[in-house]
Amino acid sequence: MTSTAQPETAETNGAATDSIAVDNPATGELITTVPLLDAQALAELAARAREAQPQWEAIGPSGRARIMRRAQKWMLDNAERVLDTVVSETGKTYEDAQVADFGYTVSALGFWAKEGPKYLVDEHVPSWNNPGTTGKKLILRYAPVGLVGVIGPWNYPITNAFGDCIPALMAGNTVILKPSEVTPLSSLLMADMLRECGIPEDVFTVATGDGSTGAALIGEVDCVMFTGSTKTGKAVMRAAADALVPCYLELGGKDPMIVCSDANLERAANAAAFYSMNNAGQVCISVERCYVEAAVYDEFVEKVTDNVRALRQGAPTDVGTVDVGAVIFPPQLDIVDEHVRDAVDKGAKVLTGGHPATGPGRFYEPTVLVDVDHSMKIMREETFGPTLPIMKVRDADEAVRLANDSPYGLGASVFSKDSERGEQIARRLDVGAANVNDAMINYTVLELPMGGAKTSGIGSRHGAGGIRKYCSQQAIVVTARMAMKKELFMYPYKSRTSRMLAGAFKLMYGRGKRD
Ligand code: NDP
């Protein structure tokens, strides 16, 4: 495997006045530059996408599904190229790219190709509540909104960017994807893929650029799907309000893990180490804090620390060479270190790690902290790095209280051998998704919604709602050909018909008890 792969279109995507350098965070090497598209370039892309939309809609669900299935096979046939591209611009390990970027996307392409058309079938709705609609045909139709703008972050440059384009396209929309400025190459590769798989021109385009490009995109589209930080999400929602278009926000998280005294400790410790450190902790739903019942606290901490201490970190040179990769976004290294320093200053103890790692690339040592509390940033703010603070709690009630003591509400996990008890605890957590005896796995369950509560987001991806959100719901009411010349309530108004209607209302709605 090489680490300098780049898609063919890296240099060519619309008129641009400036360019952005893309480098490899694990080595610091420059890979290439991409255009920084301005508002005018965005307007041109949008005009072309709008022109292409009717033809794409007319292809129908099965025609669109065929292209998605071809893309799925293309991914498998070009796996090395895909992984090289992701690894080169993120500095993550091959395994992190394989499971979450590659694995998710091949699964999602097949899922939406198969299930998408089913979710969009017209619904024929019975009406029993209104005598005026008796005998009419009532149809709920899911029509594409038109042009969807998807804005993505840098942590999973395929999954959290292109992944959301798949249902938007399957619904019959054209899509403009604005990837993060630090990881645009994976999205450009996805554009190459769809082109090779036969998608018509201008149906899917990638607008490379920075935050200003994302802001300009919002004014051009009929619907915005945004994944990123809560801070930027608020700005996106304000801009969407000005444009009066719907927006869906998948934002930050501070996911708690609760370990009960009856947990399978081996499994819980392995999960805590993996789900806090994989992708170098740069996962919206990574385990960011851990609450452990006092009876098993010492044993759990020892197991997790041994596990984390054994992790190999560095620039991946091939499969299986390292466990923890680079910090993708330059400012993130300072945020992670600031959270660790703040915790230590307030009395936390570092059991392993605790510093930025040396090397030509950007790395932070896999870090385990204890003696932490909620006065510390590391327990309250999104760290988004390879850190795991562990806190001892009296019992599950205290764990639930602390888990809910957060502005975020993305995901959570509960470990207990009594899965019924685990489920009951999960129901008490104010989060969009909770896993019992596992973590993070809900993202791969495409049948269920994935979205955040509180400041972690608005709306969700996946499931029926994950494709219907890219549609406008059109109601069609059809009156049969054999209908009467006119309805009873039409002109001219007559006292006899008014009395008849009053009787009909009484008959229909007036029966039954009055409380
Ligand atoms: P940011 O919010 O910084 O950026 C996200 C995207 O928005 C980028 O493409 C960025 O462009 C763009 N952008 C920046 N400013 C604007 C603007 N004013 N208008 C429109 N778009 C703009 O997030 P990060 O890229 O730093 O990603 C990390 C965050 O994403 C974390 O908080 C993480 O929790 C969250 N996330 C949430 C997920 C979820 O499903 N809930 C999944 C994955 C990550 P550019 O980068 O070029 O500046």
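The values are calculated or read from the model by the stated rules, or taken from the named source; none is laboratory data. From a predicted model like this one, the values you see are computed outputs, not experimental measurements. Every residue, glycine among them, receives a Cβ derived from its backbone with ideal geometry; neighbour counts consider all protein chains shown. Each accessible area value is taken on the protein alone, full model and side chains, heavy atoms only, with ligands, DNA and RNA left out. Shrake-Rupley method; radii C 1.70, N 1.55, O 1.52, S 1.80 Å.
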In nanometres, the difference between 0.36 nm per residue of separation and the alpha-carbon distance of A295 and S212 is 24.7 nm
Note to self: C-alpha centroids of the stretch 432-466 and the stretch 228-298 sit apart, in Å, by 11
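What is the calculated FRET efficiency for K494 to A235, with r their C-beta to C-beta distance and R₀ = 45 Å, to the nearest 0.05?
Once the sixth-power term is evaluated, E becomes 0.15.
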With the 1.4 Å probe rolled over protein heavy atoms, the stretch 354-413 has an accessible area per residue in Å² of 35
Taking the chain and counting helices only, DSSP H stretches of n ≥ 4 at -39,500 (n - 2.57) each over all residues, the nearest-500 ellipticity at 222 nm comes to -11500 deg cm²/dmol
For the stretch 143-278, using Cα atoms only, the Rg and Dmax in Å read 17.7, 58
Hull surface over four for the Cα convex hull of the stretch 408-515, reported in nm², is 14.3
The relative contact order of the chain, taking Cα pairs under 8 Å that sit 6 or more residues apart, comes to a percentage of 17
Sorting A215, A295, G385 by the position of each Cα along the dipole of the chain (Lys, Arg +1; Asp, Glu -1; all at Cβ), the one nearest the positive end of that ordering is A215
FRET efficiency (K506, S472; Cβ distance; R0 30 Å; to 0.05) is 0.20
For K114, the lysines lying under 22 Å Cα to Cα, once residues fewer than eight places off in the same chain are dropped, come out as K73, K469
The long-range amide H neighbours of N437, using H built 1.01 Å from N in the peptide plane and a cut-off of under 5 Å, are V414, F415, S416
For the stretch 240-314, Rg(Cα) over 2.2 N^0.38 Å is 1.49
Cross-link reach from K494 to lysines, straight Cα distance under 19 Å and at least 8 residues apart if same chain, gives K485, K486, K506
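Take every DSSP beta bridge whose two residues both sit in the chain, then give the antiparallel share in percent to the nearest 5.
Taking every DSSP beta bridge with both residues in the chain, the antiparallel ones total about 40 percent.
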Once the in-chain neighbours fewer than 8 apart are removed, the lysines whose Cα is under 29 Å from K346 read K231, K254, K303, K377, K392, K454
Among beta bridges assigned by DSSP with both residues in the stretch 368-515, the antiparallel ones amount in percent, to the nearest 5, to 35
Cα-based Rg then Dmax for the chain, in Å, read 26.2, 91
Here the FRET efficiency for K485 versus V121, based on Cβ atoms and R0 = 35 Å and rounded to 0.05, is 0.50
Rounded to whole angstrom, the alpha-carbon centroid of the stretch 183-219 lies from that of the stretch 39-54 at a distance of 12
Counting only protein heavy atoms with a 1.4 Å probe and every protein chain in place, the carbon and sulfur fraction of the accessible surface of the chain in whole percent equals 53
